[in-house]
Amino acid sequence: AISDIVYLDRERCILCDRCTRFADEVAGDALIHFSGRGNNTYITTYPDEPFSSYFSGNTVQICPVGALTAKPYRFKARPWDLTQQESTCTTCSVGCRTVVQSSRDELLRYMGVDSDPVNHGWLCDRGRFNFESVKSDERVLQPLMRNGDALEPVAWSTALAEVAALIEAAKVAGGTESISVIGGARGTNEDAFAWARLAHEIIGTPNVYSQMGDGLPVGLLGLDRATIDEAATATTIILLGPDLKEELPVLYLRLREAAEKKRSKIIEFAPKQTGLSRYAWRQLGYEPGMQVSAVQTALADPAIAEQLGKGSVVIVAGRANLAESSAATVAALHTLLAAAPGAKVLPAFRRGNVVGALQVGFRPGKDGLDTRGTLQAAADGKLECLVLLGADPLTDFPDTDLARRALAGVRRIIAIDTFLTKSSSLANVVLAASAYGEKAGTTTNLEGRVSTVAHQVTPAGSTRPDWMIATELALELGGDLGYDSVEDVTADIASKVDGFSGVTAEALAADSNGVLAGVPAGIDPIDQVETLVSERNAYDFRLVVSRTLYDEAVGTATSPSLANLPRGSVLHLHPLDIERVGTTAGTDVKVIGPRSTVIFTTVADESVLRGTAFVPFNNPGPNVGELIDCFAAVNDVRIENI
């Protein structure tokens, strides 16, 4: 074993140099290399340092002799025993094309497909190996209904009748506005469209949203959108978003290549250094809430102003910090667009099909609530029924206190999920959903490219696709969505959703790279917003919270090969700030926020700006969500010795 995932059999190696060149030239992680000379040359890793690249699985795929093998697939089957279909990875919103392979009706391997506009054949290790979660023993295999404190298995007919009764009771008690549906970004376009129709047309609620308080407003999709290819060939790439290496890894590879081959110059604005910082032409750190000032300072630099006028400009925009509101980022984005009027925007939304869900209608209607508004209404006792469509607010929503009060305050909870999560465990009814590889359909990536998702294996237990659950629930509620197959839903999207008229089964079959969809008329460009951020007290630290590639997400936690890879929830401080606090790296400190105090272990990290404190989100260990107020412009904390 040269890492937790990859094994090396040196007797097979022919020293072709493919793995070492990929690691060095494509991934930028030169962690595997040649050692020795002449007949004594062999492949090895650095002493005491494993091959811990996020992209190590690609070296397994391109090894021509099987010297490198992957732990999840090693000796499980011969290639000629496998059946396969092309599909699209939905682990994040890049939408990498894959081949899904199975044997004896069991998923065994994912392989990257060379989709020229998207992933060039590469996959990140999380997307490549999280298929193990599909066959996890922890899967919900049939509907569950609450009986006292326990959730017990029931028949589908019983569960659907109970869900319909809960929804009707909520209507009587508080009207249709007292019902909210959140989630929908983990499924297919067909899943999201069927549930959007069920919510808006059958139930009649405007409270529908697929983001979990961790993105930018839906109007970002209404701006002039760039493709991944346009971003990777732009004269200037402006990064105003998350660490792409952690959140959108293959997009990171594409933009890294653009910088390394001198096609593009990268200007990065970030609250801490990222995977692309060392490739940036200009890297400008900012304290949370100060994005506009950072952008204005940059635009005053004659060299940067000149660079923006040289050619095409693409702004990669997303949420860099879950511990601050999106307002400052939106204001900074408008400032950049004013300085570069012809610039295009590539939305750096993270969740697998969040763009598709938003575009096909899984968004608020008139005066409808978003996820934050829904949770606040529930916490205030104003919500009668909350539907969790693959959503887990207690884990995914940045403000843990609000999520906890919301789930305690809502009267009825309905969950549609593949696993029992912290949130779905509190539901009155849990409807068992089919997972990736068990259902067909389409998905939409961050550039608006629609591609197919393959149904490769039999759904586990009696699980059903989300679109089918919505269709059957509509009948229970006295309506009819009119769908008999997933193809019916795909065709309905093409006929009813603006921009999707060209996304037909025939068009998708003709182009394996997918079909670019337009933005529906109902999504207007993002509005300018006012930002008011108070100055930081000199004794406080401004909190920076963002996601890492490996965390406690269900797909990672239930995949044995990935489950031990999250880095852990620790407090990253600049070394000089550790001295200022009066402690040393590796010791525990109290992090005190307005609501609560959480104890973290400190880590010295020079990539963190002075005066800020970085904690990875949703990692094993103390929960940083206890310190976040999602209504605050920024979140400041005080750090003290125990």
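The values are calculated or read from the model by the stated rules, or taken from the named source; none is laboratory data. This is a predicted model, so every value here is computed, not measured. No Cβ is skipped: glycine too gets one built from the backbone with ideal geometry, and neighbour counts run over all protein chains shown. When the accessible area is computed, the model is the full protein with side chains, heavy atoms only, and any ligands, DNA or RNA have been set aside. Shrake-Rupley method; radii C 1.70, N 1.55, O 1.52, S 1.80 Å.
This model, with +1 at the C-beta of Lys and Arg and -1 at the C-beta of Asp and Glu, gives the chain a dipole about its Cα centre of some 1140 debye.
For PHE419, the residues 5 or more places off, or on other chains, whose built amide H falls under 5 Å of its own are VAL140. Rolling a 1.4 Å probe over the heavy atoms of the protein chains gives the chain an accessible area of 37 Å² per residue. Between the amide H of SER87 and those of THR98, VAL99, VAL100, distances stay under 5 Å, these residues lying 5 or more places away or on another chain, with hydrogens modeled in the peptide plane. Using a 10 Å Cβ count of at most 16 others and DSSP loop calls, identify the longest part of the chain lacking such trypsin sites (Lys or Arg not before Pro). It runs 105-260. Label-to-label distance, GLU49 versus LEU576, with points set 7 angstrom from Cα along the beta-carbon direction: 2.6 nm. Element breakdown for the stretch 539-642 at a 1.4 angstrom probe: carbon and sulfur atoms account for 52% of the accessible area.
Here's the list of lysines a cross-link from LYS261 could span, going by alpha-carbon distance under 19 Å and ignoring same-chain residues fewer than 8 apart: LYS245, LYS310. Could you work out what % of the accessible surface of the stretch 201-253 is carbon and sulfur, using a 1.4 angstrom probe and leaving DNA, RNA and ligands out of the count? Using a 1.4 Å probe with all protein chains present, the stretch 201-253 comes out at 49 percent carbon and sulfur. What shape does the stretch 48-110 have by the C-alpha gyration tensor, where a ≥ b ≥ c are the square roots of the eigenvalues, rounded means a/c under 1.5, and otherwise prolate means a/b greater than b/c and oblate the rest? Oblate shape, in that a/c is at least 1.5 and b/c is the bigger or equal ratio. With all protein chains in place and a 1.4 Å probe, the accessible surface of the stretch 38-175 carries 49 percent carbon and sulfur.
Averaging the Cα positions of each part gives two centres, and for the stretch 179-218 and the stretch 546-583 these lie 30 Å apart. Membrane-span-like helices in the chain, defined purely by DSSP H runs whose alpha carbon atoms cover 24 Å or more axially and whose average Kyte-Doolittle hydropathy reaches 0.0, are 156-174.
Quick check on the stretch 512-551: take the gyration tensor over C-alpha atoms, sort the square-rooted eigenvalues as a ≥ b ≥ c, and tell me if it's rounded (a/c under 1.5), prolate or oblate. Oblate.
The orientation-averaged projection of the convex hull spanning the C-alpha atoms of the stretch 215-363 amounts to 8.0 square nanometres.
In this simple spin-label model, placing a label point 7 Å from the Cα along the Cα-to-Cβ direction at both SER293 and SER596 gives a separation of 3.1 nm. When only C-alpha pairs under 8 Å and at least 6 residues apart count, what is the relative contact order of the stretch 528-642, in percent? 37 percent. For the chain, the longest piece that avoids every one of the chymotrypsin sites (Phe, Trp or Tyr not before Pro) found in DSSP loops with at most 16 other C-beta atoms within 10 Å covers 282-538.
Qualifying GluC sites (Glu not before Pro) in the stretch 465-546, where qualification requires a DSSP coil assignment and no more than 12 other C-beta atoms within 10 Å, comprise GLU530, GLU535. Phi angles across the stretch 548-565 convert, under the Karplus curve 6.51 cos²θ - 1.76 cosθ + 1.60 with θ = phi - 60°, into 3J(HN,Hα) values of 10, 4, 9, 8, 9, 4, 4, x, 7, 5, 9, 10, x, 6, 10, 4, 9, 8 Hz, Gly and Pro given as x. Coupling constants for the stretch 213-219 follow from the phi torsions by the Karplus curve (6.51 cos²θ - 1.76 cosθ + 1.60, θ = phi - 60°), and in residue order they are x, 10, x, 10, x, 4, x Hz; glycine and proline get x.
Between the labelled values (1) 36, 31, 26; (2) 43, 28, 26; (3) 45, 32, 21, the entry that holds semi-axes √(5λ) of the Cα gyration tensor in Å as derived from this structure is (1). Which whole-number percent is the relative contact order of the chain (Cα, under 8 Å, 6+ apart)? With pairs under 8 Å counted, the relative contact order is 17 percent.
Sequence-ordered 3J(HN,Hα) estimates for the stretch 449-461 from the Karplus curve with 6.51, -1.76 and 1.60 and θ = phi - 60° stand at 8, 9, 9, 8, 10, 8, 9, 9, 10, 5, x, 5, x Hz, glycine and proline given as x. Take every DSSP beta bridge whose two residues both sit in the chain; close to 50 percent of them are antiparallel. What separates the Cα centres of the stretch 503-519 and the stretch 53-127 is a distance of 23 Å.
Quick check: from the Cα gyration tensor, does the stretch 249-314 come out rounded (a/c under 1.5), prolate or oblate? Oblate is the answer for the stretch 249-314, as a/c is 1.5 or above yet b/c matches or exceeds a/b. In the stretch 412-456, Cα pairs under 8 Å separated by at least six residues give a relative contact order of 30 percent.
A cut-off of 5 Å between modelled amide H atoms, ignoring neighbours fewer than 5 places along the same chain, links LYS265 with THR236, ILE237. Bridging of LYS135 to lysines at a Cα separation below 18 Å is possible for LYS71, LYS76, LYS439, once same-chain residues fewer than 8 apart are set aside.
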